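The values are calculated or read from the model by the stated rules, or taken from the named source; none is laboratory data. What you see is a predicted model, and the numbers here were worked out from it, not measured in a lab. Glycine also receives a Cβ, built like all others from the backbone with ideal geometry; neighbour counts cover every protein chain displayed.
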Amino acid sequence: MPFTTLISVSELQALVRSSQPLMVFDCSFDLAQPSLGAAQYREAHLPGALHTDLDKNLSARHGAPGHGGTLTASAADEPASGGRHPLPGRERFATWLSSIGFSNDMQAVVYDRNGANYCGRLWWMLKWAGHDAVAVLDGGLQAWQAAGGKLASGEGPARFQSNFELRAPLRRLVGVQEVLEHLGRPHQTLVDARATPRFRGEVEPLDPVAGHIPGALNRPFGLNLGPDGCFKSPGQLRAEFQDLLGGRPPASVVHQCGSGVSAVPNLLAMEIAGLGPTALFAGSWSEWCSDPARPVERG
């Protein structure tokens, strides 16, 4: 049976010993210092793990077609979303997976040292590419170290080309126009993963407009983790999300944040709780507030 949500340190260690097809990804990143994640990886990472950069590998290039790019650029470069971290198209993502040697028969394990914030992006993107066998290492690098797991340093191992084939998406991507069209309707419940002061519009360190999408509910993504840095139990997560939704159907949930990255831990937590799958508005607040005609709520 593949691992599809979380994998514990002991389960990963057993998987490595089993010699099953496996690729481990270190997605450590820092928004304020984009080069820090790669430096941290070179200092210490799980043996055999491949460093995966949010900006370089998991986001489309700014200036690609549809976002101020030229008509001569390849259609494969067309972003699949807007916002500060636009999703690359599925074809471009599949090309990258093939270039690093990832194939459809592999189990993927993703981790970071950032509370599952950045590795969740790759978890979701693989699901979106039709690959179900992907799991987040519960507790990340810190849990691996606490359990006495060995670490490696330096650059990662060389990879051979493969041929990753896209399959039907296993998770739903929602665009800004769909969010706008269904705003305020009972079949759409927006859940915003940003910190509460940003949600309320009291501060805004990253985007040009402060506030949130009207009617959105707020659940900062860090609430999904316990004091040990691991995800809370399924029962606790289920109770917390049901309390947040207040009777709204879980299937109506569309997750968002600032740029579609930190929304994913909420999406993953709902699946752990047995309340998913749910949808992702990847453009999130950064795309929403880019058009002054779209309504903004504060408080």
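Residues in the stretch 81-107 that are in a loop (DSSP other than H, G, I, E, B) and of a type in the set (Phe, Trp, Tyr): Phe102 alone. A Cβ distance below 6 Å, combined with a sequence gap of six or more or placement on separate chains, defines the contacts here; from the stretch 162-175, residues that are touching a residue at least 12 places away in the same chain (Cβ under 8 Å) reach residues that are of a type in the set (D, E, K, R) and crowded, with 19+ Cβ neighbours inside 10 Å in the pairs Leu170/Lys127; Arg171/Lys127.
Among the residues of the stretch 186-239, the one identified as among the hydroxyl-bearing types (Ser, Thr, Tyr) and touching a residue at least 40 places away in the same chain (Cβ under 8 Å) is Thr189.
Looking only at the stretch 178-199, count every residue that is more than 19 Å from Asn117 (Cβ to Cβ) and either touching a Gly at 6+ places or on another chain (Cβ under 6 Å) or among the β-branched types (Val, Ile, Thr) (or both) and tell me the total. Here the count works out to 3.
Counting just the residues of the stretch 173-191 that are farther than 21 Å from Arg84 by Cβ and not small (Gly, Ala, Ser), which one comes out surrounded by the most Cβ atoms within 10 Å (Cβ to Cβ)? Residue satisfying both the conditions and the ranking: Thr189.
Just one of the numbered conditions (1) acidic (Asp, Glu); (2) touching a helix residue (DSSP H, G or I) at 6+ places or on another chain (Cβ under 6 Å); (3) in the same structural domain as Ala14 (by TED's automatic domain parsing) is not true of Asp132: (2). Screening Ser103 with (1) closer than 27 Å to Gln20 by Cα; (2) crowded, with 20+ Cβ neighbours inside 10 Å; (3) among the hydroxyl-bearing types (Ser, Thr, Tyr) gives one miss only, at (2). Number of residues in the stretch 115-147 that are in contact (Cβ under 8 Å) with a residue 40 or more places away in the chain and assigned to a loop (DSSP other than H, G, I, E, B): the value is 11. The set of residues from the stretch 144-180 being under 27 Å from Glu271 (Cβ atoms) and among the charged types (D, E, K, R) comprises Glu165, Arg167, Arg171, Arg172, Glu178.
Quick check: is even one residue across the stretch 244-260 out of contact with any Ser or Thr (no Cβ under 8 Å at 6 or more places or on another chain), surrounded by fewer than 23 Cβ atoms within 10 Å (Cβ to Cβ) and not in a loop (DSSP other than H, G, I, E, B)? Yes, some residue in the stretch 244-260 is out of contact with any Ser or Thr (no Cβ under 8 Å at 6 or more places or on another chain), surrounded by fewer than 23 Cβ atoms within 10 Å (Cβ to Cβ) and not in a loop (DSSP other than H, G, I, E, B).
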